[in-house]
Amino acid sequence: GPKVLQIPSHQIIDMGQMVTLNCDPVSNHLYFYWYKQILGQQMEFLVNFYNGKVMEKSKLFKDQFSVERPDGSYFTLKIQPTALEDSAVYFCASSLDRDAEQFFGPGTRLTVL
Amino acid sequence: GDSVTQTEGLVTLTEGLPVMLNCTYQTIYSNPFLFWYVQHLNESPRLLLKSFTDNKRTEHQGFHATLHKSSSSFHLQKSSAQLSDSALYYCALSGNYNQGKLIFGQGTKLSIKP
């Protein structure tokens, strides 16, 4: 079936540094999402993105977070600067339409030291 | 706010026995969509079942679930567990007419023993 790829699978960085998480969504999908999962907790919605704009974001989507998809390339989540509480697995998802099935990537495990 | 509760963190069963994973939810929406996602080891979560119709059974790959709005439940069932069913199972909720944002439960790890 359709696959969403995420690069890298693991990332370790020092607190205060910038990090960019990359997502390669399903090729004809138009809606993109980021979810955050802290170890032992549920996946939580961060943001969704359509037509170059953030459609909805949660309270977890701090000012230090930003998303973009320049020219149909990777859908990225940037955190600048990072904090210890940003350590989590970040899942990217994409869907053809707003109410269509979301396809998830395998996640990027981010560790902030 | 909206929430999803999965009471069991770990369910361990012997192959061949029936499976039931609990999911209840709270929502302000009158027409929520409910989902079950499954995540096998080292794989991405993928959609297993979805429903928005009250009291209608939905089935896929041997699993079934029925949305009961009266009890705000969407339990996942299977008549006979297989070793390959071992995985993480997430129940999730979306608002009216599936607005895209998913609210997940904490997940239930299902472990099937021979």
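The values are calculated or read from the model by the stated rules, or taken from the named source; none is laboratory data. A quick note: this is a predicted structure, and the numbers were derived from the prediction, not measured. All Cβ positions, even for glycine, are placed from backbone atoms using ideal geometry, and neighbour counts span all protein chains on display.
Among the residues of the stretch B:14-26, which ones are part of a loop (DSSP other than H, G, I, E, B) and more than 14 Å from chain A (Cβ to nearest Cβ)?
Looking only at the stretch B:14-26, we keep the residues that are part of a loop (DSSP other than H, G, I, E, B), and these are B:15-18, B:22-23.
Scanning the stretch B:14-26 gives B:E15, B:G16, B:L17, B:P18, B:N22.
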Where the second residue is part of a strand (DSSP E or B) and small (G, A, S) and the first is touching a residue at least 24 places away in the same chain (Cβ under 8 Å) and lies in the stretch A:83-103, which pairs have Cβ atoms under 6 Å and are six or more apart or on separate chains? A:Q102/A:A93; A:Q102/A:S95; A:F103/A:S94
How do the pairs read when you match residues in the stretch B:55-70 that are closer than 15 Å to B:F35 by Cβ and touching a residue at least 12 places away in the same chain (Cβ under 8 Å) with residues anywhere that are of a type in the set (G, A, S) and assigned to a strand (DSSP E or B), using Cβ under 6 Å and keeping only pairs 6 or more apart or on different chains? B:L67/B:S51
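Looking at the stretch A:37-64, which of the residues that are of a type in the set (S, T, N, Q) and over 18 Å from A:L84 (Cα atoms) is modelled with the lowest pLDDT? Before you say what the answer is, go through the steps one by one.
We begin by selecting, within the stretch A:37-64, every residue of a type in the set (S, T, N, Q); these are A:37, A:41-42, A:48, A:51, A:58, A:64.
When the remaining residues are screened for being over 18 Å from A:L84 (Cα atoms), the result is A:42, A:48, A:51, A:58.
Numbers: A:Q42: 88, A:N48: 93, A:N51: 91, A:S58: 93.
My answer is A:Q42.
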Taking A:V26 as the residue in question, decide whether it is in a loop (DSSP other than H, G, I, E, B), of a type in the set (V, I, T), out of contact with any helix residue (DSSP H, G or I) (no Cβ under 7 Å at 6 or more places or on another chain) and surrounded by 12 or more Cβ atoms within 10 Å (Cβ to Cβ). yes
A:G40 vs (1) surrounded by fewer than 20 Cβ atoms within 10 Å (Cβ to Cβ); (2) within 12 Å of another protein chain (Cβ to nearest Cβ); (3) within 20 Å of B:N42 (Cβ to Cβ); (4) in contact with a strand residue (DSSP E or B) (Cβ under 9 Å, 6 or more places away or on another chain): all pass except (4)
Please note which strands (runs of 3 or more DSSP E) are completely contained in the stretch A:50-113 and include at least 2 residues that are surrounded by 14 or more Cβ atoms within 10 Å (Cβ to Cβ) and within 14 Å of chain B (Cβ to nearest Cβ). A:53-57, A:88-95, A:108-112
Can you confirm whether the stretch B:39-46 contains a residue that is among the small types (G, A, S), at pLDDT 95 or above and more than 16 Å from B:Q6 (Cα to Cα)? no
